[in-house]
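See below for the structure under consideration.
Computed from the coordinates by the stated procedures, all read-outs in this text should not be read as laboratory data. None of the values given here were measured: they were computed from a predicted structure. Using ideal geometry, Cβ is built from the backbone for each residue, glycine included, and neighbour counts are taken over all protein chains shown.
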Amino acid sequence: MKAILVAVAALAFAVSPFFVPFDGFDPNLYPVAQDNPPVQPAGYAFSIWGLIYLWLLVHGGFGLLRRDTDAVWDRPRWPLFISLAVGASWLSVAQVSPVMATILIWVMLVTALAALFRSKGPDRWLLQAPLSIYAGWLTAASFVSLGLLGAGYGIGVEEVGWAWIALGAALVFAAGIQMALGQAPEYGLTVVWALVAVIVANWGENTGIALLAAAGAIGMALLAFKNRTA
């Protein structure tokens, strides 16, 4: 039953963009409009969702057809199902409420990480790797959402200040997760992908943010390399 639920949730998650097109949060949904916020990666980076959707579909299909009663594959299924089920509705929520969308993306992240930490075993490229890139991108997206929310509601500091806060917190969080995971370099490399896109978005305009993202990308790449066979 859990294998069926994960496969169905992965399918619902993957097809949701066809029913609810989404090009990012509407800047005017915030009290302080978020036009081109420095915390947000360059637009091309979001193309990684295509890989994530496809790999999760392969994961769900293989798990259902070939590993439906496998105890190793069974361990991450409940938290992964919750994450994907929430994700299937996320786009609809994000179109109307960045506050609720931020709450939901953190639910997705926490449950995705719970699944990832339970995914060690055989079939690494079909079991652990897709969960790694999914959780890695959710890590970046969750902290971006926090940065947008803080700046968009004018809490304490302005956009650049919130970019520093969100980016710094994301780096500490992601580094801790990568070190705890051991063999799951795809997680760190996905975070690097997001950080490079932050560099692209900010270079020449917010150089300090770009340099912080560059330092973070180097650090995460080194951690991912170190943990490639841990």
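Less than 15 Å Cβ to Cβ from LEU80, Lys/Arg counted +1 and Asp/Glu -1: what total charge do the surrounding residues give? Show your work: numbers first, answer last.
Working: positive: LYS2, ARG67, ARG75, ARG77, ARG118, LYS120; negative: ASP68, ASP70, ASP74, ASP123.
Neighbourhood net charge equals +2.
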- Query: How do THR207, THR190, THR102 rank when sorted from fewest to most other Cβ atoms within 10 Å of their own Cβ?
  - Reply: THR207, THR102, THR190
- Net +/- balance of residues flanking GLY152 in space, Cβ distance below 12 Å, scoring K and R +1, D and E -1: -4
- Query: Computed from these coordinates, which is Rg and Dmax of the Cα atoms in Å: [x] 18.9, 57; [y] 17.3, 54; [z] 29.6, 104?
  - Reply: [y]
- Item | Those residues of the range 184-201 whose amide nitrogen sits under 14 Å from the label point placed on LEU51, 7 Å along Cα→Cβ | 185-197
- Message: Taking R0 as 41 Å, what FRET efficiency do you get between MET179 and TYR153 from their Cβ-Cβ distance, rounded to the nearest 0.05?
- Response: 0.80
- Task: Enumerate the helices in the chain for which the Kyte-Doolittle hydropathy averages 1.6 or more and the C-alpha atoms extend at least 18 Å along the helix's axis, using complete DSSP H runs.
- Result: 2-19, 98-117, 207-226
- Computed lengthening from GLN95 to THR69, 0.36 nm per intervening residue step minus Cα-Cα distance: 5.5 nm
